[in-house]
Every structure is written in structure tokens, then in C-alpha cells.
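K.L.:
I'd like to ask you about the structure that follows.
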Amino acid sequence: MLDAWSELHGGIDPRESFWVERWVLLSNACARPLARLGISPNAITVCGALATAIAFAVTFAGHGWFAVAAVVILLAAVLDGVDGAIAAQTGSATQWGRVLDTMADRWSDMFLAGIVVMAGAPPWMGVVIAVLTLFLEGTRATAQAAGMAGPGRVTVWERPSRVILAFIAMVAATVVWQIGLSDSDADALAATIAATGAILAMIGLLQLFVAVFRQTRGRPPESDSSLP
């Protein structure tokens, strides 16, 4: 299963990281009963994206619901790993599934940035996080289309980092609300969390840029036979 996961994720070997390997094994364990029920990985992908949207919507109910949003964020993260595990276990991976998974990830990324804003961070910080995330993933996709093998580089700002940031923002906001700190203190803490995310996103973008440059420089463009 580890090899199958590696094939679906651009050749990344999960054995190189203790945490990634354990996460893959956990995802596979959660996926087995769903695979036996015949649930498709695409359905899980959609459910994961919807769960992130629900987590964002829950934050509008007020601080008392932030803990619920944090739990839903974790559920969405689990589903994000389970869809690929089902595809690997059942051999049902398709090109459409890859496209749908990418679309769901970008959808979720925007809601995760929004969740950080709902925790009290300035909206402009949420925009910065969202833009840097899209820029990173857009650069990766363009480089892969240009011939780069795999993800180029596993950066500090991958999907797990984005999920963890939103989760921490919700937990921190819940604790602040429970202990009765002022709104200004709560907003300052949320801004610090958001700033950390923005810094990680910038570092991740730079890490990927260096990897893309090294792998694609000097590579001639592939000819397109469809051009006249």
C-alpha cells in the first residue's frame, strides 16, 4: 500500500518520514471498510471538500462553535487521505479522480484560509495565505506540465501544514474565548497564527521555486504536434 500511495503522489516515498508513513497507514486502515462497502474514492473526495466548507460555515455561529469547527477540520483531513487509500486498495484511480482531487484541495485551501480569518486574523492576512498557496500549487502544476517529475519538493507548506494552521487557529480561539481574554488579545493571537502561516507559505514557495528551477532549467520545451 505504501508503494501504491507513492505512485499516486508523484513518487514520494512515505517511508522517508515517520509521520507520513504513519499517516498513510492510518488512512489505509480507515479506507478498508469503506472500500469493502464499494464507496468510490471520488465520493470521499467530494465529502472531504464539503466537510471543510462546513467547518468554515460553522464558524459563523460564534465562538462557542469553534471547537466543533476544529473537529470537522480533522474529519476533512482524514477524508483527504482516505480517498487516495481507497483508490490504491481497489485499483480505481483515474485521471478524472486526480483532477477532482486537485480541485477539491484548492477549494479546501481557500476555506482553510477563511477559517483563520474567522478566528480573528485580519482579512488581508487570509488573502495573503490564499494567494501564496494558489501560487505555489499553480507553479507546481505548470512545472509538472513542463516535464518536472513528481511534486518537485515537499515543502513546509503542504496540505497538512494548512490543515494544522486552521486547526490551531480554531483551538486557540476557543481557549481564548473560554478563559475570557479581551477581543484585542484574541485578534492579536489569531494574527500571529496567520502570520506564521504566511511565512511558511512564502518559505514553501521559495523551496518549490528552487526545486523547479533546478529540474527545468536547460530543458527544451516539448514540441506540440498540434501546432501548425
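K.L.:
Order Met125, Met202, Met148, Met103, most accessible first, counting only protein heavy atoms with a 1.4 angstrom probe.
P.N.:
Highest to lowest solvent-accessible surface, that is Met103, Met202, Met125, Met148.
K.L.:
Quick one: which residues, 5 or more positions from Arg153 or on another chain, have an amide H under 5 Å from its amide H? H modelled 1.01 Å from N in the peptide plane, none for Pro or chain starts.
P.N.:
Those qualifying (amide H under 5 Å, at least 5 residues apart or on another chain) number zero.
K.L.:
Taking springs between alpha-carbon atoms closer than 10 angstrom, which of Arg162, Arg32, Arg140 fluctuates most in the Gaussian network model of the chain?
P.N.:
The residue that fluctuates most here is Arg32.
K.L.:
Running a GNM on the chain with Cα contacts under 10 Å, which residue among Ala43, Ala198, Ala186 ends up with the highest mean-square fluctuation?
P.N.:
Maximum among the listed residues: Ala43.
K.L.:
Tally Lys and Arg at +1 and Asp and Glu at -1 over the other residues with C-beta under 14 Å from the C-beta of His63: what net charge comes out?
P.N.:
Spelling it out: positives minus negatives among the neighbours equals -3.
K.L.:
Which chymotrypsin sites (Phe, Trp or Tyr not before Pro) does the stretch 122-228 hold that lie in a coil by DSSP with at most 12 other beta carbons within 10 Å?
P.N.:
Hits after loop and neighbour filter: nothing returned.
K.L.:
For the stretch 91-195, count the residues as N, evaluate 2.2 N^0.38 Å, and divide the Cα radius of gyration by that value, please.
P.N.:
Rounded to two decimals, the normalised Rg is 1.28.
K.L.:
Only helices at least 18 Å long along their axis, Cα-based, and averaging 0.5 or more on Kyte-Doolittle count here, so list those DSSP H runs from the chain. Please list the in-between numbers first.
P.N.:
Numbers: long enough: 18-36 (28 Å, 0.31); 41-58 (25 Å, 1.69); 66-90 (36 Å, 1.86); 95-118 (35 Å, 0.40); 123-145 (33 Å, 1.02); 159-179 (30 Å, 1.40); 183-216 (48 Å, 1.14).
Helices meeting the criterion: 41-58, 66-90, 123-145, 159-179, 183-216.
The values are calculated or read from the model by the stated rules, or taken from the named source; none is laboratory data. Quantities reported herein were computed from a predicted structural model and do not represent experimental measurements. Note: ideal-geometry Cβ built from the backbone for every residue, glycine included; neighbour counts use all protein chains shown. Accessible surface is based on the protein model in full, side chains and every heavy atom, while ligands, DNA and RNA are left aside. Shrake-Rupley method; radii C 1.70, N 1.55, O 1.52, S 1.80 Å.
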